[in-house]
């Protein structure tokens, strides 16, 4: 994931300094600004100067992630006069959903690379969910909270489901790397063969003292090269 560039808002209107009551999820938004140059830097400047009371915790584009508001503070990103069933479930009156959700804005500037922005958004959402002990079930669209057509490109359920799946996969722990044994050649010169057989074609030689990785074993033969298969007789290799 890209490193997070913290550029905290100084506008008290858009960064009210109020504490999140209890974090219940992460909400995806899009900026809806396709003008050239409307990247994360530009949106951060807008959040710091607009008089609408609008902001989000994070902004992501094709090359950076900007954090505008700390995770434990309220941002104005899902305010509405009326909420969906999900929004009503999240709020705890008198506190609306803004007091329980982190917001991520995705840039859609025409001179940006949306494919890269998408990947960065997936990675950021996965990072935040894991960081705060949440799951992909706690990932929402602005649309899910208020019914607003945001993010417009993810209103289609199939597209949204794919995004959530991508986030969920990103949250999985990395697969453990397989540990292979090492061996040392004890013969003066050891023939490598294409197949584990003395009748197979010789395709290399190893000198005494050479250290090899043993990727596989078939009978009395070790596979010491798994790209261009090279097999050697195990009698001439000492496990180290």
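Mind checking which residues of segment 87-104 are buried (at least 17 other Cβ atoms within 10 Å of the Cβ) and in contact (Cβ under 8 Å) with a residue 40 or more places away in the chain? Spell out how you get there, then give the answer.
Here is the first cut: in segment 87-104, the residues buried (at least 17 other Cβ atoms within 10 Å of the Cβ) are 87, 90-91, 96-104.
Within segment 87-104, 87, 90, 97, 99, 100, 101, 102, 103, 104 meet the criteria.
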Considering each residue of segment 73-87, count those that are in a helix (DSSP H, G or I) and in contact with a helix residue (DSSP H, G or I) (Cβ under 9 Å, 6 or more places away or on another chain), and give that number. 2
Out of segment 1-17, which residues are over 21 Å from residue 63 (Cα atoms) and surrounded by 13 or more Cβ atoms within 10 Å (Cβ to Cβ)? 11, 13, 14, 15, 16
Without any contact (Cβ under 8 Å) to a residue 24 or more places away in the chain and not in a strand (DSSP E or B), is that true of residue 133? yes
Are any of the residues in segment 170-178 over 21 Å from the mean Cα position of the chain (by Cα), surrounded by fewer than 14 Cβ atoms within 10 Å (Cβ to Cβ) and not in a helix (DSSP H, G or I)? yes
Can you confirm whether residue 159 is exposed (fewer than 14 other Cβ atoms within 10 Å of the Cβ), at pLDDT 95 or above and in the same structural domain as residue 24 (by TED's automatic domain parsing)? yes
Taking the condition closer than 20 Å to residue 143 by Cβ, modelled with pLDDT of 95 or more and assigned to a helix (DSSP H, G or I), does residue 43 pass? yes
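The values are calculated or read from the model by the stated rules, or taken from the named source; none is laboratory data. As the structure is a prediction and not an experimental result, all values here were calculated from the model. Cβ: placed from backbone, ideal geometry, glycine included. Neighbour counts: every protein chain shown.
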